[in-house]
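Novice: Can you read through this structure? Questions will come right after.
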Amino acid sequence: MAKVLVVDDHVLFRLGVCTALKLGSKPHEVVAEVGTAHECMEYLMSEAQKPDLLLLDIILPDESGEEVARKVRKMYPDIKILILSAETSEEVLLNLVETGIDGFVSKESVQEELYFAIEVIMNGGEYFGKDINSLLQSLMSDASRNERLRAKSLFSERERMVIELCSEGYPTKIISDKMGISPRTVDAHKANIFAKLGITNTVELVRYAVKHRLVKL
């Protein structure tokens with residue numbers, strides 16, 4: 001049985017969720033139910049019983065659920081966060097995933113999916129409904145591809161060659177021989193690359209190149 005804090009500004013919907021949690025096939029204890037971000041944080045910072053799981057709507061009257069999730073994840077890392085919302089815009093979903101939420105269930109889902117999501121999360125897993133999961137996979141793939149394209153567009157063809165050869169571990173002299181340019185020109189290319197990325201050494205450059213898939217390991 002999980003101890004749940006329900007955060008939703010619609011009173012009747014909140015009542016329905018609380019009832020479903022208490023009377024479901026696997027009942028859970030609702031430690032409190034609140035309607036605003038302020039009330040949520042006030043409860044968590046009080047001496048009241050801490051929840052195991054935060055059941056959180058995204059759209060709240062005083063602050064977004066995304067901001068609440070970010071604060072809770074930082075201040076109370078042991079509390080699981082399950083989003084229960086009708087909001088499924090691409091930007092919001094990506095931002096929520098970045099905050100480290102444990103799951104997302106649409107308000108259009110049936111009660112049994114909510115029960116299942118809580119069970120999965122309380123057992124250490126993550127749960128995103130099939131539709132949400134498919135959308136997230138597509139978005140994250142697109143975001144990764146766009147990030148790589150942006151990274152590549154930062155550099156000239158010569159600079160990309162320098163990055164690749166640096167990532168293979170070649171020193172300046174060998175790079176100059178392979179590219180048919182002087183060591184001084186290689187150093188100039190490296191200085192330009194470092195300036196564009198705000199870094200100061202080749203180790204950081206290699207990390208950047210690997211992360212953004214500019215090179216293959």
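Novice: Given H placed 1.01 Å from N in the peptide plane, which residues other than close sequence neighbours of Tyr127 have an amide H under 5 Å from its amide H?
Specialist: Residues meeting the criterion, in which the H sits 1.01 Å from N, are Gly103, Phe104.
Novice: Shifting gears a bit: First select every other residue whose beta carbon is under 15 angstrom from the beta carbon of Gly24; then total the charges, Lys and Arg +1, Asp and Glu -1.
Specialist: My count for the surroundings of Gly24 gives -1.
Novice: Taking the Cβ of Ala48 as the center, what net charge do the other residues with Cβ under 12 Å away carry, scoring Lys and Arg +1 and Asp and Glu -1?
Specialist: Cβ neighbours under 12 Å give a net charge of -1.
Novice: For Arg14, what is the net charge nearby, where nearby means another residue's Cβ is under 10 Å from its Cβ and Lys, Arg count +1, Asp, Glu -1?
Specialist: -4
Novice: Now for a different question. Rounded, prolate or oblate: which fits the stretch 160-217 when a ≥ b ≥ c are the square roots of the eigenvalues of the alpha-carbon gyration tensor, with rounded for a/c under 1.5 and prolate only if a/b beats b/c?
Specialist: Oblate.
Novice: Something else: Order these by the 10 Å Cβ neighbour count, fewest first: Phe194, Phe128.
Specialist: Going from sparsest to densest Cβ surroundings: Phe194, Phe128.
Novice: With +1 assigned to the C-beta of every Lys and Arg and -1 to the C-beta of every Asp and Glu, and no other charges, what is the dipole magnitude of the stretch 1-131 about the Cα centre in debye, to the nearest 20?
Specialist: Rounded to the nearest 20 debye, it is 460 debye.
Novice: How would you rank 109-121, 199-211, highest first, on the average number of other Cβ atoms within 10 Å across their residues?
Specialist: 109-121, 199-211
Values quoted throughout were computed directly from the atomic coordinates according to the rules given, and no laboratory measurement underlies them. All of these numbers come straight from a predicted model, not from anything done at the bench. Neighbour counts are summed over all protein chains in view; Cβ atoms, including those assigned to glycine, are modelled from backbone coordinates with ideal geometry.
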